[in-house]
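These notes are about the structure you will find just below.
The values are calculated or read from the model by the stated rules, or taken from the named source; none is laboratory data. Not measured: the values here are computed from a predicted model. Note that we place each Cβ from the backbone using ideal geometry, even for glycine, and neighbour counts take in every protein chain shown.
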Amino acid sequence: MQLLYTKRSPYARKARVLALEKGIKLELVDEDLQNKSPRLLSANPLGKVPTLILDDGKTIFDSPVICQYLDALNDKPIFIPRSGEKRYEVLKWEAMADDLMTVGINAYMEKTRHPKDFSVPFVAAQEAGIHRAYTYIEARLDSLREFTLAPVAVASAIGYVHFRLPHLEVKGALAQWFTEISKRPSLAQTVPTA
């Protein structure tokens, strides 16, 4: 299987962590999103990453679907409970983390596209959302103690914010949690880079 990705994508990071933890071999294909390859555009008409190309040529995208697909390949370990309340709790955390990633990307891209005249109110609103998310996560750290897709997604989101918006680093108990989980080899190997 090939994973079309970028080294900086927090969405792709989730899938990479799951694959590493579950012992699933992925051929990583680093894509240039400014000059999208015919391979990427053929696999995903929107040219987004991550996109998973299966051995039979079929494709799977976006990261929540890729993570569910990878998790179903084996039970060692299970990252998304197969049913019941625990399943929806994990998927809720993943959705919240994905939204945190999007907010971080929006703030970063606004400053990148308009470095001299970016929308201060827009960036301030995005940064306020990030702070609210941090408060929400820190108040519920007990929900992230079991190593499932939930903490993987949250750590991927925080890691991306630190990478692109370092002035928004986590503090306190959330910083301690993030430091500890980041030591896990699968997360240490997938830290975003430019």
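Looking across segment 153-174, the residues that are of a type outside the set (Lys, Arg), under 13 Å from LEU100 (Cα atoms) and in a helix (DSSP H, G or I) come down to ALA153, VAL154, ALA155, SER156, ALA157, ILE158, GLY159, TYR160, VAL161, HIS162, LEU168.
When segment 63-75 is filtered for residues that are out of contact with any Asp or Glu (no Cβ under 9 Å at 6 or more places or on another chain) and touching a residue at least 24 places away in the same chain (Cβ under 8 Å), the ones remaining, listed by number, are ILE66, LEU70, ASP71, LEU73, ASN74. If the condition is being surrounded by 14 or more Cβ atoms within 10 Å (Cβ to Cβ), under 28 Å from GLY23 (Cβ atoms) and either of a type in the set (Phe, Trp, Tyr) or within 15 Å of the chain's Cα centre (by Cα) (or both), then segment 163-190 contributes PHE163, TRP177, PHE178, ILE181, SER182, SER186, LEU187, THR190.
Table: residues versus (1) under 30 Å from ALA128 (Cα atoms); (2) assigned by TED's automatic domain parsing to the domain that holds ARG140; (3) not in a loop (DSSP other than H, G, I, E, B).
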| residue | (1), (2), (3) |
| --- | --- |
| LYS14 | yes, no, yes |
| GLU21 | no, no, yes |
| ILE24 | no, no, no |
| GLN34 | yes, no, no |
| PRO64 | yes, no, yes |
| GLU89 | yes, yes, yes |
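Scan segment 175-194 residue by residue and report those that are touching a Ser or Thr at 6+ places or on another chain (Cβ under 9 Å) and assigned to a helix (DSSP H, G or I). Result: LEU187, ALA188.
For every residue, the table says whether it meets (1) surrounded by fewer than 19 Cβ atoms within 10 Å (Cβ to Cβ); (2) within 13 Å of the chain's Cα centre (by Cα).
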site: GLY57; (1), (2): yes, no
site: PHE61; (1), (2): no, no
site: GLN68; (1), (2): yes, no
site: ALA95; (1), (2): yes, yes
site: ALA107; (1), (2): no, no
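Could you say whether any residue in segment 109-121 is more than 17 Å from the chain's Cα centre (by Cα), at pLDDT 95 or above, part of a loop (DSSP other than H, G, I, E, B) and within 28 Å of PRO81 (Cα to Cα)? No.
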